[in-house]
Amino acid sequence: MDRFRMIFQYFQSNSESVMNGICGLLALASVKMYTSFDFSCPCLPQYNVAYGLGIMFIPPIILFFCGLILNRQSLVMLEEWRRPAGRRKKDLAVIRYMCSSIMQRAMVAPVVWIIVTLLDGKCLICAFSGSVDPEKFVGFANVSTVQVQQLLAKVPCKDDELMRNNTSRKAVSRYLRCWSQALGWSILLILITAAFLARWLGPCFNQATLLQARHWSNYIDIEQKIFEETCCEHSRLFAHKCILHFFESMRQEIKLHSFSLPQEGEEDEGEEDLLRGITDQDQVNKLLKTWYYEKPPLDVSQAHQR
Amino acid sequence: MDKFRMIFQFFQSNQESFMNGICGIMALASTQMYSAFDFNCPCLPHYNLAYGLGILLVPPFILFLLGFVLNNNISMLAEEWRRPQGRRGKDPSVLRYMFCSMAQRAMIAPAVWVSVTLLDGKCITCAFCTSVPLETLGNASHPRLSQGEIQRVLARIPCKEIYNGQQLIANEVAVRYLRCISQALGWCFVLLMTTLAFLVRSLRPCFSQAAFLKSRYWSHYIDIERKLFDETCAEHARSFAKVCIQQFFEGMSTDPVAARCQLPRKAPADAGEAAEKLLGITDQGTMNMALKSWHRCKPPLHLHPPALPTGNGWAGEGQPPTPTHPSAPRRETAAYYSCV
């Protein structure tokens, strides 16, 4: 009983730490994905905005979905939400608690991607180089409107022949990067402040409800795991009985149709037991053939009653 | 009981995590294969498209098939699908569940290959470099070149060393454009796959949870039953072999000089464990005879009961005609079997 208790305590703390671990791994994966991704701004007027903003927002959506998919608890929550009430009432507070904890964990990797993108600056430079005011920069101030758009669109591409020795390009680039990094740090500050406040002020409101919701959400999770384990154990025992029953019925059939003597030997009884009356090549072949052509019915009630 | 439960929890979780592990390894192998592969665009007008799309689509197909081949459960699915009905009905929902779960795992490595290929950009650049919009990006009104010439020049875009169309369209501009399109396609593909996976996983509990639990239980059952049956047969084969060999040695030890294919007879009860272990063979000559006989004339696959009856006492059901010496017909049978 104690061992049981230890295992399930481990299981319970383990499932939260497993989820936190997955959350951390996804955040690391998102940083790794960003560094290995070869960012290549098209440097064309309409394409820049689409590309830059696309790279900033589409991977976070992908990471968010991945966070939901990899989290086992999201399935548990959905099942709890959609099940018929039956003889057990549904508690919406528990479902809300589970939903919010799943969402919080799933949001970590997307936020990490956005912040890394902003702090690096390439996306914003690519997306908004065409929107800066050309009057502020010497190299672009006296150029015609059409030309200026083309030139500004090429700012993110350092190696382009037009931009190679252009000092104004560097000025625009620095300007946009400064904005991007400021935005990145501000978002980071706001999020951490919000998290800090939530954790500190949380206990001031509804602590009892929170404790209840947390308890029952853990309970639902553990109950589902135990149900799966019990089904697994049950199917193993079922299979065992079914196979024994099958061997037994083969032995009966052989006794009926063969000339063999009744097994009365006292010696080698252990081995005889294991042989289950099948002692001949033909008998073994027949057994294997019957196993394939006529699997026994999924009904071990007769074996039970014996 | 606790130990049982722990072991089978491990077994169950182990099999699924084993399959997930194989899935992850194949995904990593597919990225490794891509980075080790030396992409070599032919830079010729019609070959580019074939090469680029071939590299994009043929390896994923191979990886998909490989995913099925490496999955042990494929034989289980095939067996369950093709077996005669017999006394146990077949449930198509179980077969569908098994097939779907195998197909989902097999799809991961191909999807990784396609994503990595698109995000890298070389394949699309190679395949579609002849379709670059010259009007917007370059100098479409180049008077001296015919359409065919233009195609040939554009086909060399991926090969920077031999590209000679800087006046037509700058190489970097074309490559950046194609790569941008390729990466956009790549991210959209990944988004689509992830959204599909999310929808499949989250809509299931909303609609068919009870049917799903049933299919999952019976598919695990079929797997466990097959493994247990194999174990039981292996156990049986072991006991069979043990008794067979024991009887063989007993036969050899009592009558080594007589005919090679002898009916094994019970050895006299011996004192001492060591003597028992020797199975009555105590000299080189007998041992050599036993080994030769084992090779030339293996005993029949027919185990004899431990003690023959003294009379004609056939207690029990099914009265076949009994000869006076029950061992005589058996001797003939043994001779027939053993020299085949």
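The values are calculated or read from the model by the stated rules, or taken from the named source; none is laboratory data. What you are looking at is a predicted structure, and each value in this text was computed from that prediction instead of being measured. FYI the Cβ positions are ideal-geometry reconstructions off the backbone, even for glycines, and counts take in every protein chain you see. Side chains included, ligands, DNA and RNA excluded: accessible areas come from the protein's heavy atoms. Shrake-Rupley method; radii C 1.70, N 1.55, O 1.52, S 1.80 Å.
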- Message: If the requirement is being in a helix (DSSP H, G or I), modelled with pLDDT of 80 or more and open to solvent by less than 70 Å² (accessible area, probe 1.4 Å), which of these qualifies: A:ILE226, A:ILE254?
- Response: A:ILE226
- Query: So which pairs qualify, if the first residue must be in the stretch A:136-155 and under 14 Å from A:THR167 (Cβ atoms), the second must be β-branched (Val, Ile, Thr), the Cβ gap must be under 6 Å, and the two must be at least 6 apart or on different chains?
  - Reply: A:PHE137/A:VAL172; A:PHE140/A:VAL148; A:VAL155/A:VAL172
- Of the criteria (1) out of contact with any Ser or Thr (no Cβ under 8 Å at 6 or more places or on another chain); (2) within 30 Å of B:PRO133 (Cα to Cα); (3) open to solvent by 30 Å² or more (accessible area, probe 1.4 Å), which one B:ALA170 fails: (3)
- Task: Return the residue satisfying two criteria in turn: it lies in the stretch A:65-76 and is more than 9 Å from every other protein chain (Cβ to nearest Cβ) and open to solvent by 20 Å² or more (accessible area, probe 1.4 Å), and of such residues it is nearest to B:PRO205 (Cα to Cα).
- Result: A:ARG72
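Let me confirm something: among A:LEU211, A:LEU188, A:LEU183, A:LEU201, which residue is more than 16 Å from A:MET77 (Cβ to Cβ), of a type outside the set (Val, Ile, Thr), assigned to a helix (DSSP H, G or I) and within 25 Å of the chain's Cα centre (by Cα)?
Numbers: A:LEU211 fails: within 25 Å of the chain's Cα centre (by Cα); A:LEU183 fails: within 25 Å of the chain's Cα centre (by Cα); A:LEU201 fails: within 25 Å of the chain's Cα centre (by Cα).
Sole residue among the options that is more than 16 Å from A:MET77 (Cβ to Cβ), of a type outside the set (Val, Ile, Thr), assigned to a helix (DSSP H, G or I) and within 25 Å of the chain's Cα centre (by Cα): A:LEU188.
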- Which number in (1) open to solvent by less than 40 Å² (accessible area, probe 1.4 Å); (2) within 30 Å of B:GLU172 (Cβ to Cβ); (3) at the interface with chain B (Cβ under 9 Å from one of its Cβ atoms) marks the one condition that A:GLY52 misses? (3)
- Task: Identify, by number, the condition in (1) within 15 Å of the chain's Cα centre (by Cα); (2) open to solvent by 80 Å² or more (accessible area, probe 1.4 Å) that B:MET33 doesn't meet.
- Result: (1)
- Item | Residue, farthest from A:ARG174 (Cα to Cα), within the stretch A:134-144, restricted to residues that are at pLDDT 80 or above and either out of contact with any helix residue (DSSP H, G or I) (no Cβ under 9 Å at 6 or more places or on another chain) or open to solvent by less than 100 Å² (accessible area, probe 1.4 Å) (or both) | A:SER144
- Task: Among the residues of the stretch B:59-86, write down those that are within 14 Å of chain A (Cβ to nearest Cβ) and part of a helix (DSSP H, G or I).
- Result: B:SER75, B:MET76, B:ALA78, B:GLU79, B:GLU80, B:TRP81, B:ARG82
- Message: Give all pairs with beta carbons closer than 8 Å in which a residue from the stretch B:213-226 that is more than 9 Å from chain A (Cβ to nearest Cβ) meets a residue that is not in a helix (DSSP H, G or I); count only pairs at least 6 apart in sequence or on separate chains.
- Response: B:SER215/B:ASP91
- Task: Please work out which residue is most open to solvent (accessible area, probe 1.4 Å), limiting yourself to the stretch A:273-297 and to residues that are more than 7 Å from every other protein chain (Cβ to nearest Cβ) and without any contact (Cβ under 8 Å) to a residue 12 or more places away in the chain.
- Result: A:LYS289
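Among the residues of the stretch A:59-71, write down those that are within 25 Å of A:TRP216 (Cα to Cα) and either in contact (Cβ under 8 Å) with a residue 60 or more places away in the chain or touching a Ser or Thr at 6+ places or on another chain (Cβ under 6 Å) (or both).
If we filter the stretch A:59-71 for residues that are within 25 Å of A:TRP216 (Cα to Cα), which is where we start, we get A:67-71.
Correct list: A:LEU68 only.
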- Counting only residues in the stretch A:198-223 that are open to solvent by 90 Å² or more (accessible area, probe 1.4 Å) and in contact (Cβ under 8 Å) with a residue 24 or more places away in the chain, the one farthest from the other protein chains (Cβ to nearest Cβ) is identified as A:GLN212
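Any residue at all in the stretch B:83-96 that is free of Cβ contacts under 8 Å to residues at least 12 places away in the same chain, charged (D, E, K, R) and open to solvent by less than 40 Å² (accessible area, probe 1.4 Å)?
Residues of the stretch B:83-96 that are free of Cβ contacts under 8 Å to residues at least 12 places away in the same chain, as a first pass: B:83-90, B:92.
Still in the list and also charged (D, E, K, R): B:83, B:87-88, B:90.
From what is left, the residues that are open to solvent by less than 40 Å² (accessible area, probe 1.4 Å) are B:83, B:88.
Checking the stretch B:83-96: at least one residue is free of Cβ contacts under 8 Å to residues at least 12 places away in the same chain, charged (D, E, K, R) and open to solvent by less than 40 Å² (accessible area, probe 1.4 Å).
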- Conditions (1) in contact (Cβ under 8 Å) with a residue 12 or more places away in the chain; (2) assigned to a loop (DSSP other than H, G, I, E, B); (3) among the small types (Gly, Ala, Ser): number failed by A:SER40: (1)
